Amino acid sequence: TADIISTVEFNHTGELLATGDKGGRVVIFQREPESKNEPYNQGEYNVYSTFQSHEPEFDYLKSLEIEEKINKIKWLPQQNAAHSLLSTNDKTIKLWKITERDKRPEGYNLKDEEGKLKDLSTVTSLQVPVLKPMDLMVEVTPRRIFANGHTYHVNSISVNSDCETYMSADDLRINLWHLAITDRSFNIVDIKPANMEDLTEVITASEFHPHHCNLFVYSSSKGSLRLCDMRASALCDKHSKLYEEPEDPSNRSFFSEIISSVSDVKFSHSGRYMLTRDYLTVKVWDLNMETKPVETYQVHDYLRSKLCSLYENDCIFDKFECAWNGSDSVIMTGAYNNFFRMFDRNTKRDVTLEASRESSKPRAILKPRRVCVGGKRRKDDISVDSLDFTKKILHTAWHPTENIIAIAATNNLYIFQDKVNSEMH
């Protein structure tokens, strides 16, 4: 189970794709340049570098094992030839630098070919060292370790648009860090009650606004979103805006609170909308409208009658993520049976696709899948009773500008590309 993928993230150009897994490893894939003679090979992603980011630890004060599992990876905007990313497990955030070396100096004056110091009396002439080409080496080095900032499990990290700070959120607190300072962070949200028995909700995800470095949002297990403005006060316990949909009393059930918990929140690239995922739906919120979402899409409404068994097998607590395409016109999220869903916001069309070995053959075309509930079945329909709940797509990512998506299905990474056109079919 160490190779179960736990997070997927494209960098800002989409040329690199990083995955983190339960074993604490990070694998970086690089997109191959297009080749003139093989147009079909355009843009394949191949392994570029693999490194161990986190190791299992033990907290002796609390007698707790700290898993090495990578919860989130975030790329920093590229400043020079090197790439940088942040990765975090439950407790510790690390900044990694990824550099390439394809030349090595030769012709030292004071060292021989093996690198040993020469006898100085034998050095009679000076030579100019030269750079000779060598096989490409990708070096990954840890630059900073941000530890001791969290008592509870870190569920999200987000790099600010100022490119100098980032935040990390756990169940009850959100901290603001400076990328250059590891020994202190600034607590910007604290929802921990004086008495833990009064605890009614936890923070589930958080993200900085893509353009305004003072704004961020965090979601809660009660299904609400809070938009905070760091200019208003240092401790953002008093949110600027609260986005919440009043519950329909006719839909109230034992599971209402569990399924309304928001598992992910993402700002649109434009910064005008927020996308949230709860157990059964994805919702699009306009930053200017707090009372209800502007769009709600049913991901797998056929599971509404199955909530009892999903509660018993703990699936009801699965945390699905969601993603925008580059133009904010299509949204994507995962489901069970290795299905993932796409919703076109303009045409209101939606599609269910499957990430499987059969569908991942080169140039294979993904066939839409349909789930039927009782009654008549069409030829290729799959019955809701035969869905495999152990196969779940929790983590997905969309290339920032092109129609390329990355889907993590347990320990397999699928990369699908729309060759024909850039609109979804």
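Within segment 65-106, restricting attention to residues that are among the hydrophobic types (A, V, I, L, M, F, W, C) and not in a strand (DSSP E or B), which residue is farthest from Asp318 (Cα to Cα)? Step through it out loud before you land on a result.
Step one: filter segment 65-106 for residues among the hydrophobic types (A, V, I, L, M, F, W, C), giving 66, 70, 73, 75-76, 81-82, 85-86, 93, 95-96, 98.
Filter once more, so that each one left must be not in a strand (DSSP E or B): 70, 76, 81-82.
Values: Ile70: 17, Leu76: 28, Ala81: 38, Ala82: 36 Å.
In this case the residue turns out to be Ala81.
Looking at segment 227-247, which of the residues that are at pLDDT 85 or above and outside any strand (DSSP E or B) is most open to solvent (accessible area, probe 1.4 Å)? The qualifying residue most open to solvent (accessible area, probe 1.4 Å) is Arg231. Each residue in segment 9-35 was checked for being buried (at least 22 other Cβ atoms within 10 Å of the Cβ) and in contact with a Gly (Cβ under 8 Å, 6 or more places away or on another chain), and 1 of them qualify.
Return yes when Asn109 is part of a loop (DSSP other than H, G, I, E, B), open to solvent by less than 60 Å² (accessible area, probe 1.4 Å) and not assigned by the TED database to the domain that holds Pro400 and no when it is not. Yes: the conditions hold for Asn109.
This table checks each residue for (1) in contact with a Cys (Cβ under 9 Å, 6 or more places away or on another chain); (2) within 23 Å of Asp418 (Cβ to Cβ); (3) of a type in the set (Gly, Ala, Ser).
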| site | (1), (2), (3) |
| --- | --- |
| Ser263 | yes, no, yes |
| Val282 | yes, yes, no |
| Met289 | no, no, no |
| Val294 | no, no, no |
| Gln298 | no, no, no |
| Cys308 | no, no, no |
| Glu312 | no, no, no |
| Phe320 | no, yes, no |
| Gly326 | no, yes, yes |
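Residues in segment 248-277 that are on the phi < 0 side of the Ramachandran plot and either assigned to a strand (DSSP E or B) or among the small types (Gly, Ala, Ser) (or both): 17 in all.
Counting only residues that are open to solvent by less than 80 Å² (accessible area, probe 1.4 Å), among the hydroxyl-bearing types (Ser, Thr, Tyr) and over 21 Å from Met274 (Cα atoms), segment 291-310 holds 2 of them.
The values are calculated or read from the model by the stated rules, or taken from the named source; none is laboratory data. As the structure is a computational prediction, the values presented were derived from the model and not from experiment. With ideal geometry, Cβ positions are generated from the backbone for all residues, glycine too; neighbour counts draw on all protein chains shown. To get the accessible areas, we keep the full protein, side chains included, count just its heavy atoms, and leave off ligands, DNA and RNA. Shrake-Rupley method; radii C 1.70, N 1.55, O 1.52, S 1.80 Å.
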